[in-house]
Every structure is written in C-alpha cells, then in structure tokens.
Amino acid sequence: MADLGTMTRTVDRLDTLTAPAPLVDAHQRRITYLRLSVTDRCDLRCTYCMPERMQFLPKAEVLTLEELYDVARAFMARGVRTIRLTGGEPLVRRDVIDLVRAIGRHVGSELDEVTLTTNGTQLAGHADALARAGVRRINVSLDTRDSDTFRALSRRDALPQVLEGIAAARAAGLQVKLNTVAMRGVNDGEIPDLVAWAHRQGHAISLIETMPLGEVDEAREDRFVSLADVRRDLESRWTLVPSDARTPGPSRYFDIAETGGRIGFITPMSENFCSGCNRLRVTATGQLYPCLGGGERVDLRAALRSDAPEAEVAGALDRAMLIKPERHDFQIGAGLAPTQPRHMSVTGG
Ligand code: SAM
Ligand code: SF4
C-alpha cells in the first residue's frame, strides 16, 4: 500500500494558496468536528440500525483511501480539529489503518485528535496498530453483556470477540468509551449492571436514545426509551454529579459518586442539543450531510473528481455551511415513517 501521507494530490495546496476561511454555518456555529465514514458495510446487523437483509452500496461508488484522506485534509484546512472514522464498521475496511496513520500524522498540529467508533468485533487484531497510528481514545458500542441478548440484538454471535477487543484496546493503552443504545424490553433492565461493569473496568459509558433513521424490521416506538426515565432510575440507585467534562460530541456527562466512573447521556429525542452542534458527516461515497437528521447534502465526490478539485471542494464546503439546518426534528410513533430514509450505518455515528 502506498504511503497516503505523500499521495494527496488535490487539496494539500488549499491551505498554502490562501488562508481558507473557517467553517461557520448560517446559525453561527463553528464546525470543528468531522465524522468520516469509510464503509457502509458491517459484520453485525443490529436490529435498531439496519434490517436483516440490508442493501449495501456498490463498492465502486465508495471513495478510495486516497480520496478519504483528501477529504480529511480539506476539512483540516478549514479548521476541523477532530476526525472520527466510522461506518458501517470501520475496521472491516481493508487497509483502514493506513488511513488512520496518514490522518494521525496531523495530530498535535492541525488536529487535536483522530479517533473511531467501532463495534469491537475486529478490535483485538487492530488495537495495537491503532495506538501506534496516533489514536488515543476510541468509542466501542456495547449494548449488552448477555450473550443471548447480544445474539438477538446484533443477529450475530460475537460477544466474546467484542469483549476481547475491549480488553485488547485497554492493553494497548487506548482510552475506551462504551456507547449503549437504550432499548425498552431489550437492554433497559441491564443498564445499571452495564454501567457498573464499565466503571469497574475503568471505562466511561454513554447512553444513546434510538433515532428514526432508515427502515428496520422492528417498530421503533416499541423500543424507544427516554433517557430522562433511565436517568431517574439511575438516580434512585446512585448519586449523579453533573460534570464539566466535555468531549467534542453531544454527550452530557455526570460522575457517579458510588462507582467513581463517568456516564454520558446522548438525547437526540428527549433533549435537543443542536444549538451546540459542531459536526459534519461525510459518507463512504463522499456525500456530505451537514445534519444527521436532515436530507440536505453536497456531493464531495463529484467535487474531488472534477477538473478543478481545489475550487470545487472549497465551494462544496461553503455550500454545506449555508444549508446546515438549525436543528433536527426526529419523530418516533406508530405509523410514522423514519425521519430520514438513510440508515445510521450510511451516514456514520
Ligand atoms: N459499527 C460501528 C458501531 O456500531 O460502533 C460504527 C457505526 S454505528 C452506525 C455508530 C453508532 O450509532 C453506534 O453506537 C450505534 O449503536 C449507533 N446507532 C446505530 N443506529 C442507531 C439508531 N437508529 N439510533 C441511535 N443510535 C444508533
Ligand atoms: Fe453495524 Fe454499528 Fe449498525 Fe450495529 S450499529 S449494525 S455494528 S453499523
């Protein structure tokens, strides 16, 4: 595999020709965080994320690693300080470590951080390489520690690999934050145990409300649980002390006095956090979605592959600033279609 760091053709010159303007949207929000999907494919089929027979995008439409690096460079040139690689499952993409390494070279200068969100199934084999490539923190999705629940929820039998992956990440010196989607009747009864376990292992954990993104095989209204209710339940057991801790994402944190660990709440449904949004998302096919919950998009792949990529990419980023919506408006209810037809595995989380 060629060295991506020396291969970028398109956008390296952007930041030297002129000093490009930072990304500020029409609602005066400064964009400093990119979530970059490297594939929409996945080795699990979580029931809240995708249907059993998920249609994946044709591979020919997906950006090359060099193009993904060009996208990352273009955003760095406009003031993005954090890049999170996501998917689908980012670790199922062959050679993804080359991309992490190339982006990781900018940590400490243009970037504060390169990180990724993973389901953990392939983490044991990649943890050391990720740490060597400049990753310091990762998010691992873990909705349950019960193997039957895991199998029903992800439609695969992979809990041992995931737990092995989490242990390997810790052994490699990576700081692990767990992400858990709370689902009524599936894992809501297990959340206190999961939180206590995470804290015993030294991991922070963020709980997430399920969002109406893409058709799935179950009724989301049957599964949705408000984190306001979950928090009340946790507060009846433990002392939750609001924390000043902030990560670049939408989690709001509390420290639990009794466990000595940190818990985050990501509440896209029950408590809107859009006023502080600093994020943009680019799919594996180079579609830039300024909002997870909106249909607005600009085509970065066409810009990258045009005859004048510097000007076209710069123009595409400027357009994204004009069309980023003020807020999402997710609705879950009987008979309601998903707010967006795109699955979260396409846009990346
Ligand atoms: N495959 C990786 C993983 O699962 O961590 C990365 C991609 S996944 C789309 C990113 C995050 O989105 C995961 O934490 C997952 O649980 C969450 N997610 C997926 N579909 C969701 C939905 N409809 N509502 C809320 N969170 C969702
Ligand atoms: Fe795959 Fe992540 Fe979606 Fe689960 S949540 S199906 S692991 S992309």
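The values are calculated or read from the model by the stated rules, or taken from the named source; none is laboratory data. Note that this is a predicted model, so its numbers are computed, not measured. No Cβ is skipped: glycine too gets one built from the backbone with ideal geometry, and neighbour counts run over all protein chains shown. Just the protein is used for accessible areas: all its heavy atoms, side chains included, with ligands, DNA and RNA removed. Shrake-Rupley method; radii C 1.70, N 1.55, O 1.52, S 1.80 Å.
Per-structure values
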item: ARG94 being open to solvent by 10 Å² or more (accessible area, probe 1.4 Å), at pLDDT 95 or above and not acidic (Asp, Glu); result: no
item: Conditions (1) touching a strand residue (DSSP E or B) at 6+ places or on another chain (Cβ under 6 Å); (2) surrounded by fewer than 22 Cβ atoms within 10 Å (Cβ to Cβ); (3) without any contact (Cβ under 8 Å) to a residue 40 or more places away in the chain: number failed by VAL24; result: (3)
item: Test result for GLY264, modelled with pLDDT under 95 and closer than 30 Å to PRO212 by Cα; result: no
item: Some residue of segment 310-318 being open to solvent by 50 Å² or more (accessible area, probe 1.4 Å) and either under 18 Å from the mean Cα position of the chain (by Cα) or modelled with pLDDT of 95 or more (or both); result: yes
item: Residue match in segment 326-333 (condition: farther than 30 Å from GLU215 by Cβ, within 19 Å of the chain's Cα centre (by Cα) and more than 16 Å from ligand 2 (Cβ to nearest atom)); result: no
item: Residue within segment 187-210 that is in a loop (DSSP other than H, G, I, E, B) and within 17 Å of the chain's Cα centre (by Cα) present; result: yes
item: Cβ pairs under 6 Å, 6+ apart, first in segment 159-180 and open to solvent by 10 Å² or more (accessible area, probe 1.4 Å) and modelled with pLDDT under 95, second assigned to a helix (DSSP H, G or I) and of a type in the set (A, V, I, L, M, F, W, C); result: none
item: Complete set of residues in segment 154-182 that are within 19 Å of the chain's Cα centre (by Cα) and either more than 16 Å from ligand 2 (Cβ to nearest atom) or among the aliphatic types (A, V, I, L, M) (or both); result: VAL162, ILE166, ALA169, LEU174, GLN175, VAL176, LEU178, VAL181, ALA182
item: Residues of segment 97-106 satisfying the condition of being part of a helix (DSSP H, G or I) and either touching a helix residue (DSSP H, G or I) at 6+ places or on another chain (Cβ under 6 Å) or open to solvent by less than 30 Å² (accessible area, probe 1.4 Å) (or both); result: ILE97, ASP98, LEU99, VAL100, ALA102, ILE103, GLY104
item: Top-ranked residue of segment 220-268 - restricted to ones that are touching a helix residue (DSSP H, G or I) at 6+ places or on another chain (Cβ under 9 Å) and of a type in the set (Gly, Ala, Ser), ranked as most open to solvent (accessible area, probe 1.4 Å); result: GLY260
item: Hits in segment 27-43 (condition: in a loop (DSSP other than H, G, I, E, B), within 12 Å of ligand 1 (Cβ to nearest atom) and open to solvent by 10 Å² or more (accessible area, probe 1.4 Å)); result: ARG41, CYS42, ASP43
item: Answer residue from segment 107-121, given it is touching a strand residue (DSSP E or B) at 6+ places or on another chain (Cβ under 8 Å) and open to solvent by 10 Å² or more (accessible area, probe 1.4 Å) and is nearest to ligand 2 (Cβ to nearest atom) among those; result: ASN119
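One line per residue, one yes/no per condition, for (1) within 13 Å of ligand 1 (Cβ to nearest atom); (2) in contact with a Ser or Thr (Cβ under 9 Å, 6 or more places away or on another chain); (3) open to solvent by 30 Å² or more (accessible area, probe 1.4 Å); (4) modelled with pLDDT of 95 or more:
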residue	(1), (2), (3), (4)
ALA133	no, no, no, yes
ASN139	yes, yes, no, yes
ASP146	no, no, yes, yes
SER154	yes, yes, no, yes
MET183	yes, yes, no, yes
GLY189	no, no, yes, yes
ALA198	no, yes, no, yes
GLY202	no, no, yes, yes
PRO212	yes, yes, no, no
